[in-house]
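Just so it is clear, none of the values below were taken in a lab; they were calculated from the coordinates. Note that the structure is a prediction, hence the values are computed from the model and not measured. We place every Cβ from the backbone using ideal geometry, glycine too, and count neighbours over all the protein chains shown.
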Amino acid sequence: MRGRASLFIGGGLAGAFVILALLSFVWTPYPYAAMDIAAKFRPPGALHWLGTDQFGRDVAAQLMVGARTSIAVAIVAVGIGIAGGVPLGLWAAASRGTWVDEVIQRGGDLVFAFPSLVIAILITAVFGPSALNAILAIGIFNIPVFARVTRAGALSLWTLDYIRAARLAGKGRARISLEHILPNVANLLIVQGTIQFSLGILAEAGLSYVGLGAQPPTPSWGRMLADSQTLMGFAPGLAIFPGMAIVLTVLGLNLMGDGLRDLLDPRLRRRA
Amino acid sequence: MTLLSVRDLSVAIHGTPILHGVSFDLVPGEVFGLVGESGSGKSMTALALMQLLPHGAQAGGRALLNGDDLVALSERRMCGLRGREIGMIFQEPMTALNPVKTIGDQVAETLVIHGAASRGEAARAARARLDRVGLLADQFPLDRYPHELSGGQRQRVCIAMAVALRPKLLIADEPTTALDVTTQAQILDLLKGLVEEDRMALMLITHDLAVVAGVADHVAVMQAGRIVEAGVTEAVFRQRGHDYTRKLFAASGHVPQRRARVKDEPVLTVEGARRRYPLPRPPFSAPRWFEAVRGASFTLHAGESLGLVGESGCGKSTLARAILGLDPLQGGAIRLFGTHAVGPQMPNALRAGLQAVFQDPYGSFNPRWTVARLVAEPFHLMPTTPADARDRVGAALTEVGLTPADASRYIHEFSGGQRQRIAIARALITRPDVIVLDEAVSALDVRVRAQILDLLADLQDRHGMSYLFISHDLSVVRAITDRVMVMRAGEIVEAGPTERVLDAPEHPYTRELVAATPRIPPGWMEDTDAA
């Protein structure tokens, strides 16, 4: 029941931000980039629900569009990780003990050896700050994560009798990996995906905090935090709201990941 | 003089009754056997006595041990009793020990926890207990780790832990099921010795009637949470008063009707097959190898059922994998029909002639596929149309006693016996010449096992394929095979007609194996066929 509760709470939190992000395509309380210097530093109120910033832009509208950026970056980064990591992991498990497995694993170790955020900063600094480069930088570090998770799950499956039966049916390693292994490691991947998703949001916030993510005027949670840093004294809301958005989204995704693992992992389910 | 008196013990899990009115008595110095099929409630009974029931379980009734009611005692009092008054031995010696603690520490732990000894004294006491269970100091110092011991030796450590404080009551749940027969015989002797010398009462839970016949003074037969028959072992075996007992006993000695139609055509020939594995080696040293199969040779004829027996690690499963063409050989040859070489590179048409049924009915199927897709998987080897495939899957399911409608269901909807039928259907679908049955009935209950053996005999009768029947269970091999080979340490040490090899073994190892196999005394089971 505990897993069920965290799934609902986490799914609800993460889902709320996805809905806000989608909603921002058709409606925001104000145009997110519309400045109104006369109305700067408004406290939260009926007119501006979450107040306005130093240029009089509506914070609620910026948060909604910022959610769009964060979620888009995280989705594509996880997608890159899955697209690159899962085939590598399947391949490594299928050729266990050979040089292929060794190369894939050591390659992953090599990537892990670099501090990911620092390298992401390096990449965006070299190729220019943009949302696209941030996506690539975060995505590349997801590849070995998914490769490891896939390989670990696949290795235990390769010892099962139904894999032997498939080999008896004359099926090759690639075919067995696709037909038997992949559907049975999908659970693991979904769980890992949610966790990497939340890490992606954090990484995107970090990159835009130092100015290497999405560029103005596209709003982003990380840059909203950075911009409000010097204004903490008299307009704390400007920092608190994007901060809360990041915390709640990441918390929601992590809770959802835990809940999904409890729900999808048959070993945990049996114990419950 | 009764030590433990159980009256009307009942257990319900989340409101579903599991045990109903279980009553029995345990007497010091005697062995009480509790037999039944899986799910009959044997282990639940033991767990209820230890108050180790799973979450959500509610126990009722009484179980008096020295005036204490084990069912009603508080958790704190139970902690004092477990280990001190009641010792328990589990089935799986591989997981019952903590791999990161030495065997000496684990045995001493029981003593220290109960405050019976200081650390130093506990170590000495642990030494004495390990000596008692046959693990002597020169070979098994206290600082050995579990992974350095074999399964039988680990089970001895578990027994040493269970008897460390000389409990009055010892509960053993399938203590020898995971062990080889020769090891099983030694462990049973050890348990019997402990009961006699230390006047313990032993509750022995097992599915194996032959084990009970050899060890237990009293026996109770359980079915669906009830004891259906109980009494002095010999009397229960001779009378078989309850209908269920009769069926159970008949199934355990069941011999399927077979019409031997062995033709003198070799189907599969194995000549000097060698198979070795690289062992892990330290860097910069010469590679080391483990020879799993050292020059095995035999011929399997058309329509023949050939047994391959041996203890775990003897190389029989390795040989089976090579015969199925899953692994390459490092020497010798395996041929189908005398000419075609079997190996990982063999053509699909040839592979269709070789199929297999594996031991584990739960690990043999992809849980995400329907039965239709599972059974049709070997069609990958031959061109078929979807309509033809569907018809043949239906026909194969009918042949193994299921219905074509089962094809659209998923594997988790089937019981262990039904799954093994589906595995046989999958093996049949390409009309193979040889089916390798690797411990195919070992995980099944006796009554289901009898049905599957009947099915296998019937299918061989109809289609005339050959079986290579790999098993550690001599009684099953006796029931289903024409010839048998005995394997030890990678070599076939004896081969011949099944009756001759098992009744008059020539090789010393075969003799040891046959002697160690528990048997129900012949006189006890007369008129089994009539029942």
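Where both residues lie in the protein assembly as shown, what percent of DSSP beta bridges are antiparallel, nearest 5?
Numbers: 49 of 86 bridges.
If we restrict to bridges inside the protein assembly as shown, about 55 percent are antiparallel.
Evaluate the Kirkwood expression for the hydrodynamic radius of segment A:158-272, namely the inverse of the mean inverse distance over all pairs of different C-alpha atoms, and round to one decimal in Å.
Numbers: mean 1/r = 0.0571 Å⁻¹.
In segment A:158-272 this quantity evaluates to 17.5 Å.
Comparing A:LEU255, A:LEU207, A:LEU110, which has the greatest mean-square fluctuation in the GNM of chain A with Cα pairs linked when under 10 Å apart?
Top of the fluctuation ranking is A:LEU110.
What do you get for trypsin sites (Lys or Arg not before Pro) in segment B:366-396 restricted to DSSP loop and a cutoff of at most 16 other Cβ within 10 Å of the site's Cβ?
Details: sites: B:ARG368, B:ARG373, B:ARG390, B:ARG392; in loops: B:ARG368.
Sites meeting the loop and neighbour criteria: B:ARG368.
Return an integer: the convex hull volume of the alpha-carbon atoms of chain B, in Å³ per residue.
With only Cα atoms used, chain B gives 182 Å³ per residue.
Have a look at A:PRO29, A:PRO144, A:PRO217 and tell me which one the Gaussian network model of chain A (Cα, springs below 10 Å) gives the largest fluctuation.
Ranking A:PRO29, A:PRO144, A:PRO217 by mean-square fluctuation puts A:PRO217 first.
Given +1 on the Cβ of Lys and Arg, -1 on the Cβ of Asp and Glu, and no further charges, what dipole in debye does the protein assembly as shown carry about its Cα centre, rounded to the nearest 20?
Values: 78 positive and 73 negative charges, 319 e Å.
The calculated dipole for the protein assembly as shown is roughly 1540 debye.
R0 = 35 Å: FRET efficiency of A:LEU132 with B:ARG373, Cβ-based, nearest 0.05?
Values: r = 42 Å, r/R0 = 1.20.
With a Förster radius of 35 Å, E is 0.25.
How large are Rg and Dmax for segment B:287-354 when calculated on the C-alpha trace, in angstrom?
When restricted to Cα atoms, segment B:287-354 yields Rg and Dmax of 12.8, 43 Å.
Express in whole angstrom the spacing between the alpha-carbon centres of segment B:151-187 and segment A:173-252.
54 Å
Give me the Debye-computed log₁₀ of I(q)/I(0) at q = 0.17, 0.18 Å⁻¹ for segment B:410-531, equal point scatterers on Cα only, no solvent, two decimals.
-1.01, -1.10
Dividing the alpha-carbon radius of gyration of segment B:439-504 by 2.2 N^0.38 Å (N being the number of residues), what value is obtained? Provide the component values of the computation, followed by the final result.
Details: Rg = 12.6 Å, N = 66, 2.2 N^0.38 = 10.8 Å.
Scaled against compact globular proteins, the figure is 1.16.
Post the alpha-carbon centroid distance, segment B:476-531 to segment B:245-275, in whole angstrom.
Here the answer is 12 Å between Cα centres.
According to the Cα gyration tensor, what semi-axes, each the square root of 5 times an eigenvalue, does the equivalent ellipsoid of segment B:83-139 have, listed from largest to smallest in whole Å? Please report the intermediate quantities before stating the final value.
Values: eigenvalues 61, 48, 27 Å².
Its equivalent ellipsoid spans semi-axes of 17, 16, 12 Å.
For all pairs of alpha-carbon atoms in segment A:114-174, what percent lies in each bin of width 5 Å, listed from the first bin to the last filled one?
4, 16, 16, 13, 10, 8, 8, 9, 9, 6, 2
Take the Cα atoms of segment A:1-130, build their convex hull, and give its volume per residue in Å³.
Values: hull volume 25.6 nm³, N = 130.
It is 197 Å³ per residue.
Give me the one-decimal Kirkwood hydrodynamic radius in Å for the protein assembly as shown, with the sum taken over alpha-carbon pairs.
Numbers: mean 1/r = 0.0321 Å⁻¹.
Hydrodynamic radius (Kirkwood, Cα pairs) of the protein assembly as shown is 31.2 Å.
Based on the alpha carbon coordinates of segment B:353-407, what radius of gyration and maximum Cα-Cα distance (Dmax) apply, in Å?
11.5, 31
Express in nm, to one decimal, how much length is gained between B:ARG166 and B:GLU196 on full extension, taking 0.36 nm for each residue of separation and deducting their alpha carbon distance. Spell out each step's value before the answer.
Values: separation 30, 0.36 × 30 = 10.80 nm, distance 1.27 nm.
Net length gain for the segment: 9.5 nm.
In segment A:1-43, what chymotrypsin sites (Phe, Trp or Tyr not before Pro) fall in a loop by DSSP, with at most 13 other Cβ atoms inside 10 Å? Walk me through the numbers before you get to the answer.
On the way: sites: A:PHE8, A:PHE17, A:PHE25, A:TRP27, A:TYR32, A:PHE41; in loops: A:TRP27, A:TYR32, A:PHE41.
The qualifying sites are A:TRP27.
Mean Kyte-Doolittle of at least 1.6 and a Cα length of 15 Å or more along the axis: which whole DSSP H helices of chain A meet both?
Numbers: long enough: A:2-26 (37 Å, 1.58); A:59-94 (51 Å, 1.67); A:99-113 (21 Å, 0.35); A:116-127 (16 Å, 2.87); A:131-158 (39 Å, 1.33); A:182-209 (39 Å, 1.04); A:237-264 (39 Å, 1.38).
The answer, listed by residue number, is A:59-94, A:116-127.
For chain A, what percent of Cα pairs sit more than 35 Å apart?
Values: 10311 of 36856 pairs.
That fraction is 28 percent.
What is the set of long-range amide H partners of B:MET487 at a cut-off below 5 Å, with H atoms built 1.01 Å from backbone N?
B:VAL309, B:GLY310, B:VAL493
To the nearest µm²/s, what D does Stokes-Einstein give for segment B:10-70 at 25 °C and 0.890 mPa s, using the Kirkwood radius over alpha carbon pairs as Rh? It would help to have the intermediate numbers written out before the result.
Numbers: Rh = 12.5 Å.
Roughly 196 µm²/s, to the nearest whole number.
Quick check on segment B:363-441: what does the Kirkwood estimate of hydrodynamic radius come out to from the alpha carbon pairs, in Å?
12.6 Å
Hey, what's the Cα Rg ratio for segment B:275-430 versus the globular rule of thumb, 2.2 N^0.38 Å?
For segment B:275-430, the normalised Cα radius of gyration comes out at 1.23.
In terms of modelled amide H atoms, which long-range or inter-chain residues lie less than 5 Å from the amide H of B:GLU265?
Distant-sequence amide H within range of B:GLU265: B:ALA302.
In nm, give the distance between the simple-model label positions of B:ALA116 and A:TRP49, each being 7 Å from the Cα along the Cα-to-Cβ direction.
Here the modelled spin labels are 6.8 nm apart.
How large is the direction-averaged shadow of the alpha-carbon convex hull of segment B:319-375, in nm²?
Taking a quarter of the hull surface, the average projection is 5.1 nm².
Between B:ARG259 and B:THR182, what's the calculated FRET efficiency when r is the beta-carbon distance and R0 is 30 Å? Round to 0.05.
Numbers: r = 34 Å, r/R0 = 1.14.
With a Förster radius of 30 Å, E is 0.30.
Local charge sum around B:ARG62 (other residues, Cβ-Cβ under 9 Å, Lys/Arg +1, Asp/Glu -1)? Walk me through the numbers before you get to the answer.
On the way: positive: B:ARG7; negative: B:ASP8, B:ASP69.
Spelling it out: positives minus negatives among the neighbours equals -1.
Work from the charge dipole of chain B (Cβ charges, +1 for Lys and Arg, -1 for Asp and Glu, about the Cα centre) and give the residue of B:THR498, B:PRO54, B:THR299 farthest towards its positive end.
Most positive-ward Cα: B:PRO54.
Can you give me the Cα centroid spacing of segment B:355-430 and segment B:129-145 in angstrom?
Here the answer is 49 Å between Cα centres.
Among B:278-285, B:301-308, how do they line up by average Cβ neighbours within 10 Å per residue, starting with the highest?
Working: B:278-285: 7.1, B:301-308: 23.5.
So the order, starting with the most tightly packed, is B:301-308, B:278-285.
What FRET efficiency, computed as 1/(1 + (r/R0)^6) with R0 = 25 Å and r the Cβ-Cβ distance, is obtained for A:THR98 and B:HIS147, rounded to the nearest 0.05? Mind dumping the intermediate values first?
Values: r = 27 Å, r/R0 = 1.07.
In this case the efficiency is close to 0.40.
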